[in-house]
Amino acid sequence: MTSMVESERAHGVTVGEAAEAAGVTVRTLHHWDEIGLASPSIRTSAGHRRYTEDDLERLRRVVAYRDAGLGLDAIREIVDGGAGIAATLRDHRAHLAERIDELRRLDENLGRLSEAHERGVLLRAEEQSAVFGPEWDAGRSADAHALWGGTRQWAQFAERSASRSRQEWQALADAMSALQNELARASDRGVEPGDDDATALAEKHRELFSHFFPLTREMQVCLGRMFASDPGFAGHYNGIRPGLAEWFRRIIDESARAHGIDPDAATWR
């Protein structure tokens, strides 16, 4: 240690020694030298640059403020003896506090996105029952994730779910329930698949369902098949009106035909 001090006093230290003492890289010192932030004061007869004790002290101050998060311009003002160092540091702390709050919000958003990709609906089980009805099984989300978790549609569903509030879920559930009642009344009136009223209801369903993920008409045809064939879905629709599941499938098929799609050849795309 004594020899190091003596060397600093007599001849200064090389850039490598200064970098080691300051805990930075030689490249960093070269950059700071180029921008005039911290430069060596001595030039030897051979043209080599060396750092004096004062230079090393300036380096230590630069590193201390850099480690506190200040930018190089602010550091230059401080180490050059600018007034109001305390005010500069307070301003930096205030900016840092804002950044911390922003990072917390980002972390919360990432957490909700991550959880939505795993769970789908981010409501507690009792909240789901209150919103979707007592017959709703909160385990459906886990089943859906197991079936479709790797698809683009699940990702789109999760992205929307992450930012959806309970009130927004309630509004969407109410709209779906109202549509199902419209379907039942249309069936009771004897509306036939292909009629204008039936086609309008099929289109209304597609637009409403697209709040979960974008639903093409071919994808809607595939959903209609599932509504009629899956015991759970068929039981739900037929519980509203006997035969409603199959009638719903047929009006979706006819709506697809009206838009130039052969429902028998429709695929999930």
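Conditions tested, residue by residue: (1) touching a His at 6+ places or on another chain (Cβ under 6 Å); (2) surrounded by fewer than 16 Cβ atoms within 10 Å (Cβ to Cβ); (3) within 15 Å of LEU172 (Cα to Cα); (4) of a type in the set (Phe, Trp, Tyr).
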site	(1), (2), (3), (4)
LEU103	no, yes, no, no
ASP107	no, yes, no, no
HIS117	no, no, no, no
LEU123	no, no, yes, no
GLN128	no, no, yes, no
GLY139	no, yes, no, no
ALA142	no, yes, no, no
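When VAL24 is tested against the conditions (1) at pLDDT 95 or above; (2) assigned to a helix (DSSP H, G or I); (3) not aromatic (Phe, Trp, Tyr), the lone failure is (2). In the range 93-103, the condition of being at pLDDT 90 or above and under 14 Å from the mean Cα position of the chain (by Cα) is met by at least one residue. Could you list, in sequence order, the residues of the range 222-245 that are part of a helix (DSSP H, G or I), in contact with a Phe, Trp or Tyr (Cβ under 9 Å, 6 or more places away or on another chain) and surrounded by 15 or more Cβ atoms within 10 Å (Cβ to Cβ)? If the condition is that a residue be part of a helix (DSSP H, G or I), in contact with a Phe, Trp or Tyr (Cβ under 9 Å, 6 or more places away or on another chain) and surrounded by 15 or more Cβ atoms within 10 Å (Cβ to Cβ), then CYS222, LEU223, GLY224, PHE227, ALA228, PHE233, ALA234, HIS236, TYR237, LEU244, ALA245 are the ones that fit.
Within this structure, LEU59 passes the test of being part of a helix (DSSP H, G or I) and in contact with a strand residue (DSSP E or B) (Cβ under 9 Å, 6 or more places away or on another chain).
For the range 218-231, what are the residues that are in contact (Cβ under 8 Å) with a residue 40 or more places away in the chain and touching a Pro at 6+ places or on another chain (Cβ under 9 Å)? Reasoning before the result, please.
To start, the set of residues in the range 218-231 that are in contact (Cβ under 8 Å) with a residue 40 or more places away in the chain comprises 218-219, 221-222.
Selection gives GLU218, VAL221.
In the range 134-141 there is at least one residue that is under 22 Å from LEU215 (Cβ atoms) and part of a loop (DSSP other than H, G, I, E, B).
Out of LEU122, LEU96, which single residue is in a helix (DSSP H, G or I) and of a type in the set (A, V, I, L, M, F, W, C)?
Sole residue among the options that is in a helix (DSSP H, G or I) and of a type in the set (A, V, I, L, M, F, W, C): LEU96.
Picking from residues in the range 43-81 that are closer than 17 Å to HIS11 by Cα and of a type in the set (Ser, Thr, Tyr), the one that is modelled with the lowest pLDDT is SER45.
Residue by residue, here is whether (1) modelled with pLDDT under 95; (2) touching a helix residue (DSSP H, G or I) at 6+ places or on another chain (Cβ under 9 Å); (3) acidic (Asp, Glu) holds:
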| residue | (1), (2), (3) |
| --- | --- |
| SER210 | no, no, no |
| MET219 | no, yes, no |
| CYS222 | no, no, no |
| GLU246 | no, yes, yes |
| ARG250 | no, yes, no |
| ASP253 | no, yes, yes |
| ILE261 | no, yes, no |
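Looking across ASP188, ASP196, ASP174, one residue alone is exposed (fewer than 15 other Cβ atoms within 10 Å of the Cβ) and under 36 Å from the mean Cα position of the chain (by Cα). It is ASP174.
Scanning the range 59-88 for residues that are farther than 15 Å from ILE35 by Cα, surrounded by fewer than 16 Cβ atoms within 10 Å (Cβ to Cβ) and aliphatic (A, V, I, L, M) yields ALA64, ALA68, ALA83, ILE85, ALA86, ALA87.
The values are calculated or read from the model by the stated rules, or taken from the named source; none is laboratory data. All of these numbers come straight from a predicted model, not from anything done at the bench. No Cβ is skipped: glycine too gets one built from the backbone with ideal geometry, and neighbour counts run over all protein chains shown.
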